[in-house]
Amino acid sequence: MIRFSTDSIEMPALDERRVSRWIRAVAADYGFSVGNINYIFCSDERELAVNREFLGHDYYTDVITFDYSTASTLNGDIFISLDTVRSNAEMVGVSFEHELHRILIHGVLHLTGQGDKTPETKVQMTEKEEKALAKLVE
């Protein structure tokens, strides 16, 4: 089950059924089924608090993924800062909706094992995000 919730912030406009179908399709492309994925939309301050408390990182970020997946089933909690999604969208010149979809699937790609810590894996992540985003409009 894919759940969307908020933590002290307004829920973004999101076609949850369409997005859930898309996430399942992308997961299947990588050989996974979807178990329980919980998206928690929050503010920058909440995201920073999660980053500090659970990861020991003292910086803002757009997405934090906690992976509880098994061999073939994706499970996890994905915290998304809507403040940072909004500022990133403005910075790169895309719509908020486009950037939100990119971050939604970014978390799923982390659950499939894709990293983004090196220049090479960042490029691979971006390519996979773009491929997944193209699938959303089909």
Problem - Likely footprinting exposure, Phe79, Phe54, fewest C-beta neighbours within 10 Å first - result: Phe54, Phe79
Handout entry: Relative contact order for the chain, counting Cα pairs under 8 Å that sit 6 or more residues apart, in percent
Key = 21 percent
Handout entry: Net lengthening on full extension, His98/His57 (0.36 nm per residue, minus Cα-Cα)
Key = 12.1 nm
Handout entry: Model label zone, Glu127; criterion: amide N under 19 Å from point 7 Å along Cα-to-beta-carbon; scope the stretch 17-47
Key = 26-27, 29-31
Practice task
With no solvent and one equal point scatterer per Cα, compute the Debye intensity ratio I(q)/I(0) for the stretch 96-136 at 0.19 Å⁻¹ and report its log10, rounded to two decimals.
Solution key: -0.49
Problem - Against the rule of thumb 2.2 N^0.38 Å, how large the Cα Rg of the stretch 6-48 comes out - result: 1.41
Fill in the blank from the handout: Straight-line reach check, Lys117, cutoff 21 Å on alpha carbons, 8 or more apart in-chain or any other chain, hits among lysines -> Lys128, Lys131
Problem - Share antiparallel - DSSP beta bridges, the chain, percent rounded to 5 - result: 30 percent
Handout entry: Whole-Hz couplings from phi, Karplus 6.51/-1.76/1.60, listed for the stretch 108-123; x for Gly and Pro
Key = 5, 4, 4, 4, 7, x, 6, x, 7, 8, 10, x, 5, 6, 5, 4
Fill in the blank from the handout: Note, the stretch 29-36: 3J(HN,Hα) by Karplus (6.51, -1.76, 1.60, θ = phi - 60°), whole Hz, Gly/Pro = x, goes 4, 9, x, 10, 9, 9, x, 10
Exercise for the section: Pick out which of Gly76, Gly31, Gly93 has the largest mean-square fluctuation in a Gaussian network model of the chain, springs linking Cα atoms closer than 10 Å. Expected result: Gly93
Practice task
In debye, nearest 20, what is the charge dipole magnitude of the chain about its Cα centre with +1 on Lys and Arg Cβ and -1 on Asp and Glu Cβ, if you could check?
Solution key: 540 debye
Exercise for the section: Over every pair of different alpha-carbon atoms in the chain, take the mean of 1/r and invert it; report that Kirkwood radius in Å. Expected result: 15.1 Å
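Any read-out appearing in this document is the output of simple, stated calculations on the displayed coordinates, not a laboratory observation. All of these numbers come straight from a predicted model, not from anything done at the bench. Every residue, glycine among them, receives a Cβ derived from its backbone with ideal geometry; neighbour counts consider all protein chains shown.
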